[in-house]
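Beneath this line is the structure, given in structure tokens, with notes to follow.
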Amino acid sequence: MEARDLVDVAIDEDPRAPCLWVPSELWPEFLAAVGRRPNLVGAVIYRNKTIREGGPLTDITTRRP
């Protein structure tokens, strides 16, 4: 699965979560897939969710890493 697909699954599994963290390893791939760049605070809005870089060797999670 690609990074965007994994993010879509995480959003579908926890639709009430306001934020999602993506591992640093997948962050560039995710940004390229959605065609966006992070804003001033380092977040991307995707599917009405705030998506942030979660740091190296983390899982895609709805809880702060």
Fill in: Rounded, prolate or oblate (a/c below 1.5 giving rounded, otherwise prolate when a/b exceeds b/c) for the chain by Cα gyration tensor
rounded
Discussion item. For the chain, what does the relative contact order come out to in percent, with C-alpha contacts under 8 Å and a separation of six or more?
Written reply: 45 percent
Discussion item. Quick check on the chain: of the DSSP beta bridges with both residues there, what percent are antiparallel, nearest 5%?
Written reply: 55 percent
Discussion item. For the stretch 44-65 and the stretch 15-35, what is the centre-to-centre distance using only Cα atoms, to the nearest Å?
Written reply: 5 Å
Worksheet entry | Lys, Arg +1 and Asp, Glu -1 on Cβ, resulting dipole of the chain about Cα centre, debye, nearest 20 | 400 debye
Worksheet item: Quick one: ranking 64, 52, 36, 16 by accessible area, 1.4 Å probe, largest first, what do you get?
Response: 16, 64, 36, 52
Item to complete: Enter the accessible area of residue 45 (Å², nearest 10), with the probe set to 1.4 Å and all protein chains included.
Response: 90 Å²
Response to the item:
Nearest-0.05 FRET efficiency for residue 41 and residue 16 at R0 = 22 Å, using Cβ-Cβ distance, is 0.50
Worksheet entry | Segment residue 25-residue 5, length gained on full extension (0.36 nm per residue, minus Cα span) | 5.7 nm
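The values are calculated or read from the model by the stated rules, or taken from the named source; none is laboratory data. If you're wondering where the values come from, they're calculated on a predicted model, not measured in any experiment. No Cβ is skipped: glycine too gets one built from the backbone with ideal geometry, and neighbour counts run over all protein chains shown. Ligands, DNA and RNA are excluded from the accessible area calculation, which covers all protein heavy atoms including side chains. Shrake-Rupley method; radii C 1.70, N 1.55, O 1.52, S 1.80 Å.
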